[in-house]
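This report concerns only the one structure given below.
We did not get these values from a lab; they are worked out from the coordinates using the rules stated. A quick note: this is a predicted structure, and the numbers were derived from the prediction, not measured. When we count neighbours, we look across all protein chains shown, and the Cβ atoms used for this are built from the backbone with ideal geometry, even at glycine.
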Amino acid sequence: MANSVYIAMSAAIAADNRLDVVANNVANVNTAGFKKTRIAFQDFLVKEGPDGITDKGFSAMALTQTDLTAGGLQPTGNPLDVALSGPGFFMVRGPDGDMLTRNGSFRITADGTLVNADGLAVLAGAAGGGPGGPIRVDPTKGPVSIGTDGTVEQQMRGGQAGTVIATLSIMDAETQQLTHKGGSNYSAPATALQPVAAPDLVSGFIEKSNVNPVRGMIELIAATRDFEQATRVMNRVQQIDKKTLDVI
């Protein structure tokens with residue numbers, strides 16, 4: 001019965017992995033710009049009968065992948081909030097390097113630095129197309145707004161015309177190159193980053209999470225039941241093994 005225990009154990013581990021992924025998705029249902037994670041499993045054949053039906057098989061997690069489906073747009077009325085309605089990510093500077101995010105909820109600190117909801121500096125586009133340095137404005141001057149093309153403009157005092165301070169760095173990367181760093185933040189190798197030529201931004205909005213809360217709860221319940229069923233099978237097999245040994 002040893003194989004049966006291992007098979008049930010593999011099913012329990014797979015269900016536990018699925019539970020972790022789905023629980024994280026549901027926990028971020030209200031995180032702006034969050035992209036849900038999908039998980040795929042692979043079955044490994046142990047024995048196939050003469051009719052081609054699998055008798056026993058192990059399950060293992062094959063891969064996890066970020067689902068880049070766009071979330072809905074939520075109006076905020078904040079001129080510093082922007083949402084990407086097309087491909088790409090905003091670039092921010094994290095403690096361990098530059099990161100990508102779809103969360104366009106921005107604000108200005110006391111020293112004039114444009115930061116995101118996590119307090120990370122928002123980066124400007126560099127001349128070569130890649131991300132440059134943090135965007136800074138003059139906190140003693142007029143209000144700041146972000147245009148639909150990503151330009152950051154600050155109005156001058158006394159009714160003078162606005163001045164373009166910088167342009168947001170908006171980069172894109174293939175899904176398989178993204179590593180989730182928590183919340184709506186991701187990292188990717190610098191060589192995998194490509195500038196978005198004509199980004200499409202919506203001012204005064206943020207992008208909501210692309211997690212469907214109802215579907216997420218259904219998946220959470222299903223994963224919990226799968227885990228419970230696998231552990232029950234493990235316990236049952238162990239009981240049978242014990243009885244068999246007692247008889248012997």
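A few remarks follow.
- Residues I221, I135, I7, I39 in ascending order of nearby Cβ atoms (within 10 Å, fewest first): I221, I39, I7, I135.
- Across the alpha-carbon atoms of region 73-207, the computed radius of gyration and Dmax are 14.2, 50 angstrom.
- Using every pair of separate Cα atoms, the Kirkwood estimate puts the hydrodynamic radius of region 62-112 at 13.3 angstrom.
- Neighbourhood charge, 10 Å Cβ-Cβ cut-off, centred on N185 and excluding it, Lys, Arg +1 and Asp, Glu -1: +1
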